[in-house]
Each structure stands twice: as C-alpha cells, then as structure tokens.
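Structure record follows, encoded as structure tokens.
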Ligand code: ATP
Ligand code: MG
C-alpha cells in the first residue's frame, strides 16, 4: 500500500442494479440513457449554449451579456448584467395561465391543521409582506434573518425578501440563542422574522424568547416581526414597543401590489450556514440568476416534475435542501409542494405515511437518517397506509447504506418507484450527482452520474485520475456558491486551491466501471488501519447490513501498531439487546466482511448518535469523545444531550 499517494481503498461490494420501470421512462422528461448521454455531451461541449437555453425558459427583465465570466476565477460570474427576480419567476410567471389557481403550497401543522395557498394567493401574501418589509426600511442588499418553524410564512418571508432584493439568512428554528447571535452578527441583519412558538412533538418551542436572548448584543437588529403560531402560548411573548410587531397586525390592510425589483444576476440572494458536520459553520453566499437557473432545471429533471405531482421534500427550510427543493426549484416549476411543520413520529410513527396517503403524494424526498429511523421503527407503520400514489423517491444528506436503500425501495416504493440518490452541498446550490429517474439504472448506495453541465472526477491528492480518491468538480456551474460571507480568501483557499481550476468539495469518492460515483464520506473521516485507508461511510454500511443494527458511526483512533483502529458507535433496531455477545458478533461481522485487519477495537452501543440538525452523523464529536478531548463546536447539534450521554457512557466503559 503506497502511503505517499494516500490512496483510498473500497470495501463495499454492491452489485445490485435497478432499471427504471418502463412506464416511468415513457412519461419522463429524460426518458432514456441515450437521451441523457446526448444532452450531457451537449452540455459539456457547449456549456454556454446549454445554460443559455435553460435560462431562456425563465423570465429576465434584461438579457445577460455573457453567460459565464471566468476572467477573475474562482470568482466566476453567471449571466453577466442580466436582470431578473426569482420571486417573479416563482410566482408572477405562473399567474397568466390556469396555474394561478393551482395549489402552490399545501401545508399541514403538527396538530393536523391545514392551509392551502394557490399560486395567486401565495403571490398576494408575498406582495403584502414585501410591502411590510419595505415600510420597515428593508430594501436591496439588506440582510434579514428568518427564524421560523415550517409554516407558510417561512416561504412567504423568503420570497418577500427576494422580491425586494433583500438577502435572507434562514436559521433553523431550534438552534440556540448562541447560534442565532453568531449568524445575525456575522451578516449584520437589520430585521428578524420569528414566531411566538413552533410545535415539535406536541410541545411549543418559545422562538421569540430565544430571539430576544440572542439579539441582546446585536445592535444591528432594528425590528422583529412575530408570527402568531403558539396559540395559547404558555410562554409570555414580550413585545418591545416600536421594535417588535405581530405579523398579522402589521400586514393588516397592506396593499397586495408590489412589483418585483429587477435584480442583477450576481446580486446576493441568500446566505446560508453549512451544517457544521466538519467544523464551525461557514456563511455560504448564493446569488440570483445562476442559482435560479440551476435549481429550476435540476428540480425539473431530477424529480421529473409534472403538473399533476404532489411533491414533498421533508427537509427543513433551515437547510439548503429546503431552500433549493422546497422553495425555489419546485416553485419556479409551478409544482404543488407539501410542507409539514412537525416531527415524523407525532402523534405516532406512521405520521409521514398517513400524510402521503391523505395528500396523495407522488414524489417524496428525504434523508438517509430519516430512512434508518423508519426502518428502526418497523414496517408496520408504513404498511398501515396506502402509498400507491408515490411514483418517485429521493434521498440526500449522506451516503445511503445499501440496506436502507433496499428497504426504501421495497417497503415505501413497493419496488415500483425509482430512487434518486442526490449528492450535493450547501455550496453547490443544487444537485450535482444524481440518477435521472426515467433514464439511469440505479445501484443502491451510488449517486450515479453527473447532472447536465457538471464535469466530475475522482482524483488523487496530486490531481491524477484515480479509481478511489477525492471527488472533484472540474468546472464552474451556475448554482455554485459565490463566496463565504466576509471572507473571500477563505473561499478561494477552502474550495479552489487543491488543484488548479477545480472545485474541492471535501468528500471521498470512487468511480466504478460504469462511471458511477460512490461517495465514501468526508476526506476528514477516512480512517487508516494498518495501512488501509477506508472511508467511514462504507464501514458503516457494512454494519447496517447486520440484522440488529439500525445505525453506525465509525471513527479511527490512534493505535500503536495499526496506526489507527476502529471505534464503532452502534445504535440497535427496536427490541434488540445491547449485550457483550452481540458486540463480539459485530466485531466478527466486520472481520468476516472486510478482513481481520479491520476488526473493531471497540463497539459502543448508543441509543442515538450525535447528529447535526440536518441529520448527519457528527464523527468529529465521536472522535473528540474517543480521544478524551473537549467537544468542538456543538451549536449545530440536533440534541446536545445525546453527545453528553455518549461521552459519559464512553468514559464509564
Ligand atoms: P460543514 O461543511 O460545515 O462541515 P456539511 O458539509 O455537513 O457541513 P452540508 O452542505 O449540509 O453541510 O452537507 C453537504 C455534505 O453532505 C456533502 O459534502 C456530503 O458529504 C454529504 N452528502 C450530501 N448528499 C449526499 C449523498 N447523496 N451521498 C453522500 N453524501 C452526501
Ligand atoms: Mg461541507
């Protein structure tokens, strides 16, 4: 094993293949592999004409001079001097046709309350709220922080900001006061939009109180707008005279006419902080034109959106997936989007499937972590409901363990629905590697092939093509980030300095004989055992193949002889006992499936693993625990108790 080239080995042998059902392909936007190959080739050979033709499907107030400006790379510009407005393209563009009376949003609260907004109604709401923001002095370039539960006002707020050219920064409702303070100060937000409360598992989170605490030291914040959601709120919501306004009061009687401001293609649209899986979150900048074009076309082709679809992406809008594939991508396509406020296990573990049945959901997009929870809870929950409306399933956020993929395919999709495993990042703005459901044969655990216009590669540290190594994106694309807020050097350094002219996403990958990509996890997470460099995602998938295991988090810690050895945090399926003998069995399982060299040093059973708000396992915290270090940045943890308990358990073991 050559240490210098730092080659990554792969251990997962997955050779099952699933072809798109014929009936699906027949009606699909991209109906065959030939069609994909033809269009892909075109998009790579003549990217300017490809991207211009996509951009022409949308409305521009002024046409661009140049599709791509590369002279100041990596500070690329797209659709230079074009003027548009993404809120206009999500709303106004659909109002002249029958689409105006089509449902844009079907919303369901945790308690079961429902609201439907047609495109015309959503347009009115957005215009009215944009007028409110204007009245409070918000205009082009001003930053607005949004800390709302998953209610329609969250979508309305983002679109109202976009309408005026204000920059939104959505903060996941559930983040602490500290996380809000960091984000508000970083971008000097002038206004915060929040709610008195948000529902989660039958309880109310006192969002406004958390905002009050957060902004004590934020002189930049001039106003707070508060959506009433807590109903018989148990937490007194203090409203500061002249600074705070109830949403329903301030919007009352306001005009529903508000022209969308023509925005420069490169004007900032939003800021969003990454999940913080590998470290402190970064404030990622996205701009208007390129992001709009990219989310529009990826949503259309990857989800094969059709007029009659009811599309449900379960991601919170506080995460990039919610931005691109709940709000902007689907709405620019005039889709009907289902939005749900609460937890998947409230009032019971069948909630999602009940909603799929009731709303006749056709497209369902979620994360591997959620799928593993569903598996853990048992098949009886989905089996209680009629899921026959579903025609397409999707996943994003982490590599999906092949076992979880198969379960998703059979138990949810009944073997009938293609699965799109979509690889992308906050930074990429939209989906980069993905099957196209009517064209691509899928392999469980592989994000398959690049989207149109995306040139990907697997490279060694030195930039040579490798079978397994580091994922690279070899040219700019319209949806790409334009920087890290307030730190352009860090942008260049983090993403564009590993290999000349190529984007470095930080993930390990392998490419198989069919050219399919398999994400091996973060480069930071690669373990080195007795000279074998292995991505943790594969090791975890081998654990998940075991009938007792629901979820696994694997890390390497220093070992005198092997260099590193494996410490494995395992959460079991419901009803399984965490015994000494099961720990031994799991060690043998790895030894048998991968090789004796990989035999885990330690198995730690855990009720839950530390995860980010977007559901990713935080291996850096597992490493901190295992090496007895103080815990690193924990502001993006979903549940701080999990890591504290695990730390205690580890120290006792
Ligand atoms: P930070 O950059 O602050 O550490 P983060 O990378 O977790 O946070 P996101 O932008 O939400 O923040 O996550 C993007 C990452 O998620 C990708 O780099 C990749 O590691 C992982 N990922 C997303 N989708 C997939 C997928 N389909 N397959 C494998 N990995 C995926
Ligand atoms: Mg990242």
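The values are calculated or read from the model by the stated rules, or taken from the named source; none is laboratory data. All values reported here derive from a predicted model rather than from experimental measurement. Positions of Cβ are backbone-derived with ideal geometry, glycine not excepted, and every protein chain shown enters the neighbour counts.
Among the residues of region 616-642, which ones are closer than 27 Å to residue 323 by Cβ and in contact with a strand residue (DSSP E or B) (Cβ under 9 Å, 6 or more places away or on another chain)? If the condition is that a residue be closer than 27 Å to residue 323 by Cβ and in contact with a strand residue (DSSP E or B) (Cβ under 9 Å, 6 or more places away or on another chain), then 617, 618, 619, 620, 621, 635, 636, 637, 638, 639, 642 are the ones that fit.
Just to verify a result, which residue in region 563-594, among those that are assigned to a loop (DSSP other than H, G, I, E, B) and touching a residue at least 40 places away in the same chain (Cβ under 8 Å), is farthest from residue 540 (Cα to Cα)? Break it down into steps so the answer makes sense when it comes.
Filtering region 563-594 for residues assigned to a loop (DSSP other than H, G, I, E, B) gives 573-579, 594.
Keeping just the survivors that are touching a residue at least 40 places away in the same chain (Cβ under 8 Å) gives 573-574, 594.
Numbers: 573: 15, 574: 18, 594: 12 Å.
Within region 563-594, the match that is farthest from residue 540 (Cα to Cα) is 574.
Scanning region 61-80 for residues that are touching a residue at least 12 places away in the same chain (Cβ under 8 Å) and over 21 Å from residue 93 (Cβ atoms) yields 65, 66, 68, 70, 73, 74, 75, 76, 77, 80. Restricting attention to region 357-366, does a residue exist that is modelled with pLDDT under 95 and either surrounded by fewer than 21 Cβ atoms within 10 Å (Cβ to Cβ) or over 17 Å from residue 107 (Cα atoms) (or both)? Checked region 357-366: no residue is modelled with pLDDT under 95 and either surrounded by fewer than 21 Cβ atoms within 10 Å (Cβ to Cβ) or over 17 Å from residue 107 (Cα atoms) (or both).
State yes or no: is residue 509 within 23 Å of residue 40 (Cβ to Cβ) and either within 15 Å of ligand 2 (Cβ to nearest atom) or surrounded by 24 or more Cβ atoms within 10 Å (Cβ to Cβ) (or both)? Yes: the conditions hold for residue 509. Of the strands (runs of 3 or more DSSP E) contained entirely in region 236-313, those carrying at least 2 residues that are within 15 Å of ligand 1 (Cβ to nearest atom) and in contact with a strand residue (DSSP E or B) (Cβ under 7 Å, 6 or more places away or on another chain) fall at 268-273, 283-287. Among the residues of region 465-494, those that are surrounded by fewer than 17 Cβ atoms within 10 Å (Cβ to Cβ) and under 27 Å from residue 514 (Cα atoms) comprise 465, 467, 474. The strands (runs of 3 or more DSSP E) found entirely in region 348-436 that carry 2 or more residues being more than 16 Å from ligand 2 (Cβ to nearest atom) and either farther than 20 Å from residue 27 by Cβ or out of contact with any helix residue (DSSP H, G or I) (no Cβ under 7 Å at 6 or more places or on another chain) (or both) are 363-366, 392-395. Scanning region 584-607 for residues that are surrounded by fewer than 19 Cβ atoms within 10 Å (Cβ to Cβ), over 30 Å from the mean Cα position of the chain (by Cα) and under 17 Å from residue 622 (Cβ atoms) yields 601, 602. Among residues of region 205-216 that are surrounded by fewer than 19 Cβ atoms within 10 Å (Cβ to Cβ), those with a beta-carbon under 8 Å from a residue that is modelled with pLDDT under 95 and part of a helix (DSSP H, G or I) at least six positions away or on a different chain give the pairs 213/177.
When you look at residue 329, is it in contact (Cβ under 8 Å) with a residue 24 or more places away in the chain, assigned to a loop (DSSP other than H, G, I, E, B) and under 30 Å from residue 398 (Cβ atoms), yes or no? Considered against the rule, which asks whether it is in contact (Cβ under 8 Å) with a residue 24 or more places away in the chain, assigned to a loop (DSSP other than H, G, I, E, B) and under 30 Å from residue 398 (Cβ atoms), residue 329 comes out as no.
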